[in-house]
Amino acid sequence: MTSGSNPRRSAAPLALLAMVALLAGLWAGLLRMGWGLPSLHPNLAMAHGPLMVCGFLGTLIALERAVGLSALDQRWRWTYAGPALAGAGALLLLAGLAGPLPALLITLGSIVLAAMMAAILRIHVALHAVVMLLGALVWVGGNLLWLFGRGVPIASIWWAGFLVLTIVGERLELSRLLRLSRSKQVAFGAAVVVLLAGILASPVAFQAGARLAGAGMLLLAIWLLLFDIARRTVRKTGLTRYIALALLAGYGWLAFSGLQRLHHGGLTAGAHYDALMHTLFVGFVISMIFAHAPIIVPALTGWPLVYSPAFYAPLALLQVSLLLRIVGDATLQMDVRRWGGLLNELAILLFIALLVVAVRRGRKQEA
């Protein structure tokens, strides 16, 4: 890498973009749930999903890859275009810009991420790299559907596939330590194929595609619960045990979300749609973030982090509040759902606050 360059310095403003998208997405979520809060524009509530998935998670995932590649060689600095484009698209959504430009920028950002993942696959040919490339391509596909007006319920199946494939690909990479047998790898690949088949079918056969995607999610959740390294590390102590428990909780929510898709098929609105979406995007994805953030934050920033058992508080609040939200959905008690959703967001904000405290403690110890 070129002398004097620092990939983390380039990452800071883009990480800020992801954080702005997160906070805006959380605010938009409260608006969607019916909390009487001010809004920057009438369409902010409808931007909740794109802000959270594409603006926050897409930017963050692309940024993590860009930092890793540019740390290897300065020639990979073009990869920062991915998170920059996705983050810029999120800012335009927040500003309420009409027209296709926000979706176009996010789509271009996802294309850059796909190019990154293809580059990683060329560097190191492995099943987990193939799966993560497929995840990035699925994000591109979902964004194109959204760009050309197919609507969030259709695009969200693809967005869900992007996140699921990215996360399970990362977990498969870590599971190499277990020296998985050929049969276990084949079972993993078969589950991925089922998920992809459902995603690809969903634009033309929404009900069948959604159910098939749900089956793929369920199969992947079962595989993770049976074979992921978290089953062993949960017996450890400290940060290692916390990460394992967060992972196992997330796998449980992935299984539950897959079961819901199998049962309900394609949904576009209503209480069951709320439960189906948030058991995946909150229960699975946010639990994964709670698990991985204590490792990712030091890698992105270079700042050490001091683990504290206090991290269990937001993790527990997330699980309990999501259960409350699902009960509200199942019983059509909108006040219960609303409070469950609010507590979901408070759990996320509490986790961020604890991360900040943990980093400050780490920097003080390093000084």
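The values are calculated or read from the model by the stated rules, or taken from the named source; none is laboratory data. Computed from a predicted model, the values in this text were never measured in an experiment. Here the Cβ is made from the backbone with ideal geometry for all residues, glycine too, and neighbour counts use every protein chain on show.
Could you please let me know if Ala126 is surrounded by fewer than 20 Cβ atoms within 10 Å (Cβ to Cβ), among the aliphatic types (A, V, I, L, M) and under 25 Å from Gly169 (Cβ atoms)? It is true that Ala126 is surrounded by fewer than 20 Cβ atoms within 10 Å (Cβ to Cβ), among the aliphatic types (A, V, I, L, M) and under 25 Å from Gly169 (Cβ atoms). Within segment 358-367, the set of residues being surrounded by 14 or more Cβ atoms within 10 Å (Cβ to Cβ) and aliphatic (A, V, I, L, M) comprises Ala358, Val359.
Mind checking whether some residue in segment 106-115 is surrounded by fewer than 21 Cβ atoms within 10 Å (Cβ to Cβ) and of a type in the set (Val, Ile, Thr)? Yes, some residue in segment 106-115 is surrounded by fewer than 21 Cβ atoms within 10 Å (Cβ to Cβ) and of a type in the set (Val, Ile, Thr). Given the criteria surrounded by fewer than 22 Cβ atoms within 10 Å (Cβ to Cβ), over 23 Å from Ile348 (Cα atoms), in contact (Cβ under 8 Å) with a residue 60 or more places away in the chain and among the small types (Gly, Ala, Ser), does Ser10 qualify? Here the answer is yes, as Ser10 does meet what is asked. Output the residues belonging to segment 256-314 that are within 30 Å of Arg360 (Cα to Cα), modelled with pLDDT of 95 or more and small (Gly, Ala, Ser). Result: Gly283, Ser287, Ala291, Ala310, Ala313.
In segment 20-45, of all residues being free of Cβ contacts under 8 Å to residues at least 12 places away in the same chain and aliphatic (A, V, I, L, M), the one that is surrounded by the most Cβ atoms within 10 Å (Cβ to Cβ) corresponds to Leu23. Remark: Gly96 matches the filter, which requires a residue to be on the phi > 0 side of the Ramachandran plot and either surrounded by fewer than 19 Cβ atoms within 10 Å (Cβ to Cβ) or touching a residue at least 12 places away in the same chain (Cβ under 8 Å) (or both). Can you pull out the helices (runs of 4 or more DSSP H) entirely within segment 31-150 that have at least 2 residues that are more than 26 Å from Val192 (Cα to Cα)? Result: 59-72, 81-95, 101-123. Criterion first (under 23 Å from Val282 (Cβ atoms) and either buried (at least 21 other Cβ atoms within 10 Å of the Cβ) or touching a Ser or Thr at 6+ places or on another chain (Cβ under 6 Å) (or both)) does Val152 satisfy it? Taking the combined requirement at face value, the residue does not satisfy it. I want to confirm something. Restricting to segment 299-357 and keeping residues that are under 13 Å from His278 (Cβ atoms) and β-branched (Val, Ile, Thr), which single residue is surrounded by the most Cβ atoms within 10 Å (Cβ to Cβ)? That would be Ile326. Across segment 165-212, the qualifying residues are those that are of a type in the set (D, E, K, R), in a helix (DSSP H, G or I) and at pLDDT below 95, and the one among them that is surrounded by the fewest Cβ atoms within 10 Å (Cβ to Cβ) is Arg182.
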